[in-house]
1. Taking the stretch B:252-311, which residues are away from every other protein chain (no Cβ under 14 Å), aromatic (Phe, Trp, Tyr) and over 19 Å from the mean Cα position of the chain (by Cα)?
2. So is A:Asn242 at positive phi and not β-branched (Val, Ile, Thr) or not?
3. Of (1) more than 21 Å from B:Pro249 (Cβ to Cβ); (2) out of contact with any helix residue (DSSP H, G or I) (no Cβ under 7 Å at 6 or more places or on another chain); (3) more than 12 Å from every other protein chain (Cβ to nearest Cβ), B:Ala108 satisfies all except one. Which?
4. Against the definition (touching a helix residue (DSSP H, G or I) at 6+ places or on another chain (Cβ under 9 Å) and within 16 Å of B:Gly257 (Cβ to Cβ)), how does B:Glu216 come out, yes or no?
5. Anything in the stretch B:163-176 that is within 7 Å of chain A (Cβ to nearest Cβ) and farther than 21 Å from A:Pro164 by Cα? List them, or say none.
6. Looking at the structure I just gave you, is B:Glu179 in contact (Cβ under 8 Å) with a residue 40 or more places away in the chain and touching a Cys at 6+ places or on another chain (Cβ under 6 Å)?
7. If you go through the stretch B:8-26, how many residues are modelled with pLDDT of 95 or more and in contact with a Leu (Cβ under 9 Å, 6 or more places away or on another chain)?
8. Assuming B:Thr228 fulfils every condition listed in (1) out of contact with any helix residue (DSSP H, G or I) (no Cβ under 8 Å at 6 or more places or on another chain); (2) polar (S, T, N, Q); (3) more than 14 Å from chain A (Cβ to nearest Cβ) apart from one, which condition is it?
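The values are calculated or read from the model by the stated rules, or taken from the named source; none is laboratory data. Since the structure is predicted, the reported quantities are computational estimates derived from the model, not experimental observations. Neighbour counts are summed over all protein chains in view; Cβ atoms, including those assigned to glycine, are modelled from backbone coordinates with ideal geometry.
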Number of protein chains: 2
Amino acid sequence: MNTYISVDVGGTQIRVAVYPETGTQALRIKKVATVGEGTPLERLIATVHDQMSPDENVKAIGICVPGPVDAEKGVISFCANLEGWENLPMRDILQAEFNVPVVIGNDANLAALGEWKYGAGRGHKNVVYFTISTGVGGGVVADNRLLHGHKGLATELGHTFLEPDSHYPCGCGQFGHLESFSSGTGIAYYANEQLNLGRESILQGKGKVNARDVAEAAQAGDALALETYARASKFLAYGIVNTLHTFNPSAVIFGGGVSMVGDLLFAPIKEALPKLVYSQDYLDDLHFAMAELGDDVGLLGCLALAHMETE
Amino acid sequence: MNTYISVDVGGTQIRVAVYPETGTQALRIKKVATVGEGTPLERLIATVHDQMSPDENVKAIGICVPGPVDAEKGVISFCANLEGWENLPMRDILQAEFNVPVVIGNDANLAALGEWKYGAGRGHKNVVYFTISTGVGGGVVADNRLLHGHKGLATELGHTFLEPDSHYPCGCGQFGHLESFSSGTGIAYYANEQLNLGRESILQGKGKVNARDVAEAAQAGDALALETYARASKFLAYGIVNTLHTFNPSAVIFGGGVSMVGDLLFAPIKEALPKLVYSQDYLDDLHFAMAELGDDVGLLGCLALAHMETE
């Protein structure tokens, strides 16, 4: 039988899934730790070999990695958490190793592609995807095509300035990016800053808090925690409006751990959007939804990319 | 002989050009005032008829209008300066009238397309175009395709928040957009505000100044005028970086009257960019250029669109 292989590379684990020619139900999934005996690349290759079967004909392998990729050349530009993965010609290495077509993409971009093809963006031609977790990532499908840009560095939506004269830091070293305000790190930063300033809160005296602590305090009605999430919502609304005005999508989809808090983050955004758009036409039939693919979004994004490559 | 017809609709004039099947040298160009006897649409139709010749076979007509267009349906959403042009099915009207394929686009989008095909963006697959005049407009070619979005409302790059809590107004009614700071209107607004506050300047006592007055004062070394342009540059640099991180283009092109001031606006930007990008890869082989097509950019954008439609 014909199969597709998806490889989702993360900082802590590498997941390899084998899919049949049609459908999104994996035949088998194998997880290995990214760091261990041998290099991550050697571990990846060994795990893919291990998942191949002589009864199966692999039509293509799709890989997603946590860093920018030059999709045209199949070269990984860099991966913050994977030592030595800099200007790594991953596609050529793997094609030589496995002798099948290999396609590579960035994790947030492929999550967008996965949600567009199999998840919350099905049937939409223009989709903006935000992943809100430690940082803020993004991916965009415009007119049914994934945006890569010249060197695979497009749609770093978390790294756009929303208040450039701000002192709030971004994970990338700049200040006042969307990620500075609306990521888990940004939420924790503001709460800790305010706690250090002596603000009254049930979080006082608990040491350094994280975004989950703040969410729990907000759910308990704590004023500082509520203010912290309201601020994250406010800036996320600005960031969303900027992408509406930039891409005019018919669907905006949210994934990532921080997005799981739901209404605490999103109710104020839905209320704010009509007041912030240039024209109500941007909102008229806008589908505003949570990601549907959960932990498999990377694997399914690879699958979507592998299908596009071979169809 | 085969020809293409381009129609550039502005608030003050309608220009109709007839082009041969190959090349960008118009066979003839006719200008008429947009407002006069009959409606603008009637005047447009009459002028196109007037430019048609029985010896020529028109392969397609391309139209650009100063407002958002649903390219797929060929419907003009609205045009601020053209009364009654709201949800106007321009394509169907003109196809019925002339019995040839008609394609329609927004002026800033088609300027981007024109510069990509015939001007400063030739040979680049990913181009961001800014027009900086009374307002700030934008257009983007991504992977050799013009971005429209779901309803033709994409790439309103001037209407993205850069400092949402700002009191500086945008032409669209919002505050703190790129246009609020870096357009001709935004430059004049800040200078007039500072003059009203009693700031020392050679512009004091001259009444309400415009962006050109400020540019002249800056060239004469006036401190307030220099500060005003430095501020416009600073925010334009943030806006450019946001588009680099969003589209990762290999070319960024600037048109529009305010961009003509050259180094006064752009020298500080070139200096700022390396400090503001997420990775130097965004700048490595970035082509940073002035638009080349001048007043004909709209006509040539229509021509590019008409060619794409029929090829």
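1. none
2. Working: at positive phi: no; not β-branched (Val, Ile, Thr): yes.
Answer is no for this residue.
3. (1)
4. Numbers: touching a helix residue (DSSP H, G or I) at 6+ places or on another chain (Cβ under 9 Å): yes; within 16 Å of B:Gly257 (Cβ to Cβ): yes.
Here the answer is yes, as B:Glu216 does meet what is asked.
5. B:Cys172
6. Details: in contact (Cβ under 8 Å) with a residue 40 or more places away in the chain: yes; touching a Cys at 6+ places or on another chain (Cβ under 6 Å): yes.
Spelling it out, B:Glu179 is indeed in contact (Cβ under 8 Å) with a residue 40 or more places away in the chain and touching a Cys at 6+ places or on another chain (Cβ under 6 Å).
7. Residues in the stretch B:8-26 being modelled with pLDDT of 95 or more and in contact with a Leu (Cβ under 9 Å, 6 or more places away or on another chain): 11 in total.
8. Only one criterion is unmet by B:Thr228, namely (1).
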